[in-house]
Structure formats: C-alpha cells, structure tokens
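Q: Take a look at this one; I'll ask things after.
The values are calculated or read from the model by the stated rules, or taken from the named source; none is laboratory data. Because the structure is predicted, anything quoted here is derived from the model rather than measured. Glycine gets a Cβ as well: all are built from the backbone with ideal geometry, and neighbour counts include every protein chain shown. Please note that ligands, DNA and RNA were not included when accessible areas were found on the heavy atoms of the full protein model with its side chains. Shrake-Rupley method; radii C 1.70, N 1.55, O 1.52, S 1.80 Å.
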Amino acid sequence: MAGLFLKVLLLGASLTGLLYSLVDFHSYGKTGLKRPNFVIILADDVGWGDLGANWAETKDTPQLDKMASEGMSLFPSRFVDFHAPASTCSPSRASLLTGRLGVRNGVTHNFAISSVGGLPLNETTLAQVLQEAGYITGMIGKWHLGHHGLYQPNFRGFSYYFGIPYSHDMGCSDTPGYNHPPCPACPPASALSHSSPGKNCYPDVGLPLYENFVIVEQPVNITSLAEKFAEKATQFIQQASDSGRPFFLYLALTHMHVPLTVTHRSAKLSGQRLYRESLREMDNLVGRIKDKVDNTVKENTFLWFTGDNGPWSQKCELAGNVGPFAGLWQTNRGGSSAKQTTWEGGHRVPAIAYWPNRVPANVTSTALLSVLDIFPTIASLAKVSLPPRRHFDGLDISEVLFGHSQTGHRVLFHPNSGAAGSYGGLDTVRLGQYKAFYITGGAKACDGSLGPEQHHKLPLIFNLQEDPAECAPLDSSSAVYQDMLPKVTEVLADVLQDISGDNTSVADYSHDPLMIPCCNVLEIACRCHSCN
C-alpha cells in the first residue's frame, strides 16, 4: 500500500546523499493509546465573506457550509473573531506551524524563489512534535517556508511532501490560469531568451511540483493542481488509516490565490463569475477530503479549515469578499484594507472545526481566536508537550472547540505584513472589542491607489462591536478612548518586554540565483516531466 511513498523517499534520499527515516505505515511502537488524527486545510487569500456560513449572499460553498452545520463554525455570524497571525503567506504559515508570531520565529515577510533560507531551523514545528510522538505526517500543497536543503518539508517534520515550494504566481506555467493583469504562458522550449518585455506577473522559470525531494513536473499544469492535491490527500488518509497509526495531514491549498483556476474553462467566464467558479472548485476539493475522513476515520479525526489571510484586493474582481469588514477609514483615504494590512479584512478569516461527536454541531463561538492556537490545541489533544524554552502566542482552545467555554484571547497583536511599517512590527493591538492602530496605509488597492503611510502618535482606536467596518475611530477626547489608551499601551509594552526575553529566531532572507528550483538548466523555463 505504501509503495509509492517509499519509492519516492528512497529516490530522494539517494539523490541528496542523506539518510532519511522513511515513512512506515505499519509500525507503531510509541504507545498503544488511540490518539486522534488531525487534518488542517489552509486556504490561500480566502475572504471572510467567501463562505455562505458567514455571509448569506455567498452561495458557492455548499460543502463547507454543510461542514459548518455539522461541526462548530468558528464564525457563522458576523460578530465572531478568528484571525490569521499575519496577512501574507510565509509569516502566516510559519506562525501556524510554530504557534509563534514572526517577531519570535523570525519569519516576517515572504520568501522568494531565490531565497537561501526559510523557517529558521531552531524553530520546532507542529509536525516535528507529532512525528516524534509516533504520528505519520504529511504536507500537501503550498509550502512557502524555504525550498532549499534542510528547509524543505521533509526535514521540518513531514514524512511525506507533495506540492509546490511557494505561491503559484511565483513561477510560470503553460496553463497560466486567470490573473489581473493577465499573464502569458511559459516561454516555449525553442525560445532564445528568458525575458518577456512588459510582463509583470511572474518569472519565466517554470513552477515546480515536488514529491518529497524530487521535482516531478516543471512547469506544473496549475489547472490540474486541485485534482492532484485531492488525490494525494485522500491516498495519504487511506494509507495512514490502514496502518493503524495516528496521522497529521497539513493540506495547504492554492485557492483562492491568483492565478485562479476553474474546473471548466470557458470564454464566457469573467470577473466575479471566474472567482465564484474557482471558489466552487475549492469547496468541492474540501468536500472530497471530508468525505474521505467520514468514510475511513470519522470518529477519531479532527478536521480544521481556515485561511492564511484575507483577499488580495489589488486583483480587483478576482479577489474575495471581506463581508462587513471593509476597513472604510482606510479605503476612504485610498489604498487597500485587505491582504498585507492589519485592517480586519486582512486577517479575519473563515474557520470551521469538524469532529463528529466531539465538537458540537452548529454552534457559534464568539471567542477571540487565532490560527496561532492550532499548534497548542493540537499538542494538547495529542497529549504531547510543547517545545521547551520558548514562549507561545497561541492558546489551547480545546474548551472553546468542545463548547465548554467562550474564553479566548484577551489580546491579539496583528503584525505589519508588507503594508506600512516595518515587517513584523506589532503596531496594531486588539484588546477585547477594541482595536488600536499606530500605523496605517501602504497597501495598493484595485484602482492603483496606495494609501499614504501614517504614523499615529495617539493611536486610532475602533470599537469593533459597534463598528466592524472600521469606519470611525473613537474621539481621542472621549472617556472610552482615555480609558483604553493606557491599557493598550500597557499590553504592547508587556509583549515587547516578553519578546526581548524570549528565545527568538532570525530568518535568512538573502538571495542566490542558484537556489531557484530547476530540474533541467539546459531548458528554457526548466522543463521536465516525470512519471510519478
């Protein structure tokens, strides 16, 4: 049953000259206890309002909406709070796998195709903790935490890896999908030059698809990625289930990041219709994973769906729906209030928890929660210890998931993620129903406007309970503002002091063209296709 996985791992080990512990689906020597399985599905650039469970106007996610009604939707109403730990790809994913903000784990902005480093090696991932406890661990989909050497998923705790090393707009394809502005296909093999005058979408190096250490296709056909990911994910679940060992699957989708793909390409599709078709494709993929869990390991598997950040509004009609979280104070002054920003549209994301007979059905949580909570919560449920000598920003929210509590975070910090301010800076503070901004602006909107970067000596403070659209900040002379300002100042000073005494990491963001993945340097776009 496990022949494919074993063959590829053996090939990868021989190619790299490294000894690697192969996936063994048939031995479980750590303990006789029946530990739960975990499936984390992470969508890319998905909007809070993209799910019908959140926003009644959305009709394109029947599978996710059904899952929300059968489990606990962490926000089927507009007043609940679930947040990404950053509002761009790499820092959000690093925080999911470490339970720590970028100022602690070192990942404060995106890695590039020529990046030398990745998630710092002295950071311990959730996969490593579970693997050491006897779990079979799989990573399928988009990694974006370093693609060279020891930064690859196979060396960060994952027994099996199938996916792309970074965002799928960071490499060309012969089937480029839908983007704004549109992008051409990879240059043909007969091309004499790598350059494409006027092209501003992605490089001419083909997007690679990996299975463990080996590039199995470059450039990958991105229109088939969803099907490939679904096949590998269901296969992994089946084989792990057959083995009797507990498993952890991290499925990081390319939906809803551009370039968008749709199951049935049509010249009649345009604008929001394209986005909706791609959203249905993502919903169907998630439905297949849920069905596989239900048919194999339903009673002992916790499935968690969420997103890495909000919509990329710069992509206009190809971007998702933020629901009521419009960030009007910012958009009225120009620029975006979604991805890259610390406005609600940038980091408030959908989240659904599904575990039949454990997580109560059709329950709404109003607790303030975060993707940061995934690591400590799963560690608790798996009865494994958190890595020592480091501080965590996430909480064990088991009691919230099981409907026994509505207590989440008292305070959350939203790091700068590519808009205004320094990367990773904690200049936006959420405290209860209030939210304070020390810096605003800096992200480009669909119309090309870029809100000016503004530093606020006295922070803008919004009451999200009364003003979810972040339209009008509190009057700085009001009693509520005067009451909140010292509290915000105190919690910000406390976290900065805590970080200064923590075991923190620094990521290597240097570049080297030799780090660009290429299966065949003699071919334009690094072309190769292997049977797998």
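Q: Taking H placed 1.01 Å from N in the peptide plane, check which residues at least 5 places from ALA252 or on another chain put their amide H under 5 Å from its amide H.
A: Distant-sequence amide H within range of ALA252: LEU42, ILE140, GLY141, LYS142.
Q: Give the Kirkwood hydrodynamic radius (Å, one decimal) of segment 102-248, defined as one over the mean of 1/r across all pairs of different Cα atoms.
A: 16.8 Å
Q: Could I ask something else about it? For a quick check of your reading of the filter: which trypsin sites (Lys or Arg not before Pro) in segment 399-440 sit in a DSSP loop and have no more than 15 other Cβ atoms within 10 Å?
A: Answer by residue number: ARG410.
Q: Top to bottom by accessible area (1.4 Å), largest first, where do CYS471, CYS172, CYS201 land?
A: Listed by decreasing accessible area, they come as CYS471, CYS201, CYS172.
Q: Something else now. On the accessible surface of segment 403-532, probed at 1.4 Å, how many percent belong to carbon and sulfur atoms?
A: Reported share for carbon and sulfur atoms: 54 percent.
Q: Given a 1.4 angstrom probe, what's the average accessible area per residue across the chain, in square angstrom?
A: Per residue, the chain has 37 Å² of solvent-accessible surface.
Q: Where does each of MET256, MET170 land when they are ordered by accessible area, with a 1.4 Å probe and the largest first?
A: Most to least solvent-accessible, the answer reads MET170, MET256.
Q: How many percent of the accessible area of segment 86-134 is carbon or sulfur, using a 1.4 Å probe?
A: That share works out to 52 percent.
Q: Where the centroid of each part is defined by its Cα atoms, how far is segment 440-498 from segment 109-174 in Å?
A: Going from one Cα centre to the other spans 34 Å.
Q: Quick check: Cα centre of segment 341-408 to Cα centre of segment 278-334, how many Å?
A: 17 Å
Q: With a ≥ b ≥ c taken as the square roots of the eigenvalues of the C-alpha gyration tensor of segment 352-394, please select rounded if a/c is under 1.5 and otherwise prolate if a/b is larger than b/c or oblate if it is not?
A: Oblate, because a/c is 1.5 or more while a/b does not exceed b/c.
Q: For ILE378, what accessible surface area do you get with a 1.4 Å probe? Give it in Å², rounded to 10.
A: 0 Å²
Q: Ignoring the sites themselves, what is the longest stretch of the chain with no GluC sites (Glu not before Pro) in a DSSP loop and at most 15 other beta-carbon atoms within 10 Å?
A: 58-452
Q: Keeping every protein chain in place, order LYS298, LYS142 by accessible area at 1.4 Å, biggest value first, i.e. largest first.
A: Greatest to least solvent exposure: LYS298, LYS142.
Q: Residue by residue, what Karplus-based ³J(HN,Hα) values in Hz, rounded to whole numbers, does segment 52-61 have, using 6.51, -1.76 and 1.60 with θ = phi - 60° and x for Gly and Pro?
A: Couplings: x, 5, 9, 9, 4, 5, 7, 10, 10, 10 Hz.
Q: Still on this structure, please answer the following. Using amide H atoms built 1.01 Å from N in the peptide plane, name the residues 5+ places from THR137, or on other chains, whose amide H lies under 5 Å from its own.
A: Answer set, sorted by chain and number: SER159, TYR160, PHE248.
Q: What percentage of the solvent-accessible surface of segment 139-264, computed with a 1.4 Å probe over protein heavy atoms, is contributed by carbon and sulfur atoms?
A: It is 56 percent, rounded to a whole number.
Q: When a/c is below 1.5 the answer is rounded, else prolate if a/b is larger than b/c, else oblate, so apply that to segment 308-443 with a ≥ b ≥ c taken from the square roots of the Cα gyration tensor eigenvalues.
A: prolate
Q: Among the lysines in segment 267-404, how many pairs, 8 or more places apart or on different chains, have alpha carbons under 28 Å apart?
A: Number of lysine pairs found: 7.
Q: Counting each DSSP H run of 4 or more residues in the chain as -39500 (n - 2.57), what helix-only mean residue ellipticity at 222 nm follows after dividing by all residues, to the nearest 500 deg cm²/dmol?
A: Computed ellipticity for the chain at 222 nm equals -7500 deg cm²/dmol.
Q: So how exposed is LYS66, as accessible area in Å² (1.4 Å probe, rounded to 10)?
A: The accessible area of LYS66 comes to roughly 100 Å².
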